[in-house]
1. Report yes if Arg112 is of a type outside the set (Ser, Thr, Tyr), modelled with pLDDT under 95 and farther than 17 Å from Val198 by Cβ, otherwise no.
2. Considering (1) modelled with pLDDT of 90 or more; (2) surrounded by 18 or more Cβ atoms within 10 Å (Cβ to Cβ), say which one Leu50 fails and leave the rest.
3. When the residues of segment 169-193 are filtered to those that are farther than 30 Å from Leu142 by Cα and exposed (fewer than 12 other Cβ atoms within 10 Å of the Cβ), which remaining residue is modelled with the lowest pLDDT?
4. Assess whether Arg106 counts as being out of contact with any helix residue (DSSP H, G or I) (no Cβ under 8 Å at 6 or more places or on another chain) and either at pLDDT below 95 or under 22 Å from Glu133 (Cβ atoms) (or both).
5. Could you check segment 122-131 and list, in sequence order, the residues that are assigned to a helix (DSSP H, G or I), hydrophobic (A, V, I, L, M, F, W, C) and either within 30 Å of Arg78 (Cα to Cα) or open to solvent by 60 Å² or more (accessible area, probe 1.4 Å) (or both)?
6. On the basis of being surrounded by 14 or more Cβ atoms within 10 Å (Cβ to Cβ) and either among the charged types (D, E, K, R) or modelled with pLDDT of 90 or more (or both), does Glu223 make the cut?
7. Working only within segment 132-171, note down all residues that are of a type outside the set (Val, Ile, Thr) and in a loop (DSSP other than H, G, I, E, B).
8. Out of all the residues in segment 39-71, which are of a type in the set (D, E, K, R) and either more than 25 Å from Ile165 (Cα to Cα) or in contact with an Asp or Glu (Cβ under 7 Å, 6 or more places away or on another chain) (or both)?
Amino acid sequence: MWRLPPVPWLDPMLSIEERLSAFQEDVNVAASCFYAWKSINNLAVRDASLFQGLQRNARSWKLFIHSLLVTFVSVLGRLFDRDPRSLSARSFICYCKANLDQFSRRAFEERRLAENHGVRPDFLDEYLSGVYEPVAADFQNLLDALTNLELVYSANYQPIRHKLIAHKDTAMFGIGDSLFAKTNIGDVENILEVLYQVSQVVTQFIINGRQTRLIDHKLREEECIQRDLESLLRKVSV
């Protein structure tokens, strides 16, 4: 298990919402890039007319697919970055665990009042009575959920990032496919699903003051991306 120092990482002036937003953005970008790459390949295999349309502009589509791959691997690397100064999935959850006061009922109340320009909504007192205040164990559960992902990432995906994407390792010339052979679509989808679930559990703590479980949240990015891409590809393949 990766170990990080107690709290001094990241800009102390950043609010919990800003940290959460940055974490969510990386999760969303990683999921969007992966499912766009997957959808293009699946649609081309299933539909001959779409495949022919892509072939007529093969150079552009190869560039597009390559860009999706590079972006996906790069963002995934950020999410599993070991540098304690970086915002990664683990450093973000560790920050939350070390700053439980930001998840208190009082902090929730202050955020709602600030959002409402200091005016106290009529419903706020009643709502506050049901606000859940997470404890260290809640965030430890999220850290535990990340552990298996980190092991899979470091074994099968970090080498791609280090040896092929971020750097051009001359020892990998001609054998780069051997690294991709260790990857698995199921593994990637599980990584993205859990990262999304973790982000949503924290979102519920911060935004709604509610306790949810990882399994309460389902990543729907593939469905959205596939519909959008199929519409786009049918237009450009005509």
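The values are calculated or read from the model by the stated rules, or taken from the named source; none is laboratory data. Predicted model, so just to flag it, every value in this text is computed and none were measured. Virtual Cβ from ideal backbone geometry, glycine too; neighbours counted across all protein chains shown. Each accessible area value is taken on the protein alone, full model and side chains, heavy atoms only, with ligands, DNA and RNA left out. Shrake-Rupley method; radii C 1.70, N 1.55, O 1.52, S 1.80 Å.
1. Yes.
2. (1)
3. Checked segment 169-193; the qualifying residue modelled with the lowest pLDDT is Ala171.
4. Yes.
5. Listed by number, the list is empty, since nothing qualifies.
6. Considered against the rule, which asks whether it is surrounded by 14 or more Cβ atoms within 10 Å (Cβ to Cβ) and either among the charged types (D, E, K, R) or modelled with pLDDT of 90 or more (or both), Glu223 comes out as no.
7. Tyr132, Glu133, Pro134, Ala166, His167, Lys168, Asp169
8. Matches in segment 39-71: Arg46, Asp47, Arg56.
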